[in-house]
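For reference, the structure discussed in these notes is given below.
The values are calculated or read from the model by the stated rules, or taken from the named source; none is laboratory data. Since this is a predicted model, take the numbers as computed values, not measurements. Cβ: placed from backbone, ideal geometry, glycine included. Neighbour counts: every protein chain shown. Just so you know, the surface numbers come from the protein's heavy atoms only, side chains and all, with ligands and any DNA or RNA stripped out. Shrake-Rupley method; radii C 1.70, N 1.55, O 1.52, S 1.80 Å.
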Amino acid sequence: MGDVIIACDFSDQEKLFDFLKPFEGLNPYLKLGMEIIYKEGPQLVTKLHNMGFKIFLDLKLHDIPNTVEKAMRNIAELGVEITNVHAAGGIAMMAAARRGLDSTEAGKKTELIAVTQLTSISQEALENELLIKENLADVVKHYALNAKAAGLQGVV
C-alpha cells in the first residue's frame, strides 16, 4: 500500500497540532500549503520533521527560472520529502527548480512534482481567460510531458 498524505489546510500551527495528536507515531505525509507556511514560516517544517512527520510542501512555485531556482535552494535546506511547481512555468523553470533542489544533499532526495492545472480551471476559463484554445485534457497531458522533459518525478 502507498503512503497516506494528509492535507493540512489550517490557518495556524495550534490548530494543526491539535489535529495531528492522533497521528503521532504513525508518521504520515503532511501536505502544507501557502496558508499555514506564510503564517508560521519554514520553521514549522522543522518542528514537524522533529515530530517524525514527512512533508509535502505544496507551494506551486511559478516564476522566472532564476527566482524559482533560488527559492528551491532554500526549500532544499528544509529537507522536505516532496514539493511542487506549476507546470505552466515551462520546461526551463521546472528544470531550474530541480537544479535548486539538487544544490544540497537533502534536496537531492526531494521529489519534485508539477501541478498541471488547478482544479478550479474549467475549459471555459482556459479558453476565455487564459486564451488557451486546446482541450483541457490535452493541455494537462502536454504539461505532464513537459514536466517529464524537465526531469520532474511526477505530476498532479
So for R0 = 41 Å, FRET eff. of GLU129-PHE23 from the Cβ-Cβ r, to 0.05, ends up at 0.60
Would you check the accessible area of HIS62, probe 1.4 Å, heavy atoms only, in square angstrom rounded to 10?
-> 100 Å²
Mean shadow of the chain, computed from the convex hull of its alpha carbons, in nm²?
-> 9.9 nm²
Selected from ALA147, LEU126, LEU16, residue furthest toward positive end of dipole (the chain; charges at beta carbon) | ALA147
Can you give me the pair-distance distribution of the stretch 49-129, C-alpha pairs, 5 Å bins, whole percents?
-> 3, 16, 25, 21, 14, 9, 6, 3, 1, 0
What shape does the stretch 1-63 have by the C-alpha gyration tensor, where a ≥ b ≥ c are the square roots of the eigenvalues, rounded means a/c under 1.5, and otherwise prolate means a/b greater than b/c and oblate the rest?
-> oblate
HIS142 paired with LYS15, simple spin-label distance in nm, labels 7 Å along Cα-to-beta-carbon = 3.8 nm
Considering only protein heavy atoms, what is the solvent-accessible area of LYS108 at a probe of 1.4 Å, reported in Å² to the nearest 10?
-> 110 Å²
Quick one: how many Å² of LEU78 are accessible to a 1.4 Å probe, rounded to 10?
-> 40 Å²
Rh by Kirkwood over Cα pairs, then Stokes-Einstein D for the stretch 83-135 at 1.306 mPa s and 10 °C, µm²/s | 126 µm²/s
A 1.4 Å probe over the protein heavy atoms gives the chain a carbon and sulfur accessible-area percentage of 54 percent
On average, how much accessible surface per residue is there in the stretch 1-89, in Å², for a 1.4 Å probe, leaving out ligands, DNA and RNA?
-> 53 Å²
Over the stretch 50-89, what lengths in whole Å, largest first, do the semi-axes of the equivalent ellipsoid take, defined as the square roots of 5 times the eigenvalues of the alpha-carbon gyration tensor?
-> 21, 12, 5
From highest to lowest solvent-accessible area (probe 1.4 Å; ligands, DNA and RNA excluded), ASP12, ASP18, ASP102 read ASP18, ASP102, ASP12
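In the structure displayed, which of LYS15/LYS39; LYS60/LYS148; LYS21/LYS54; LYS54/LYS148; LYS47/LYS70 lie more than 18 Å apart, Cα to Cα? Show your work: numbers first, answer last.
Details: LYS15/LYS39 13 Å; LYS60/LYS148 16 Å; LYS21/LYS54 15 Å; LYS54/LYS148 24 Å; LYS47/LYS70 23 Å.
Those over the limit are LYS54/LYS148; LYS47/LYS70.
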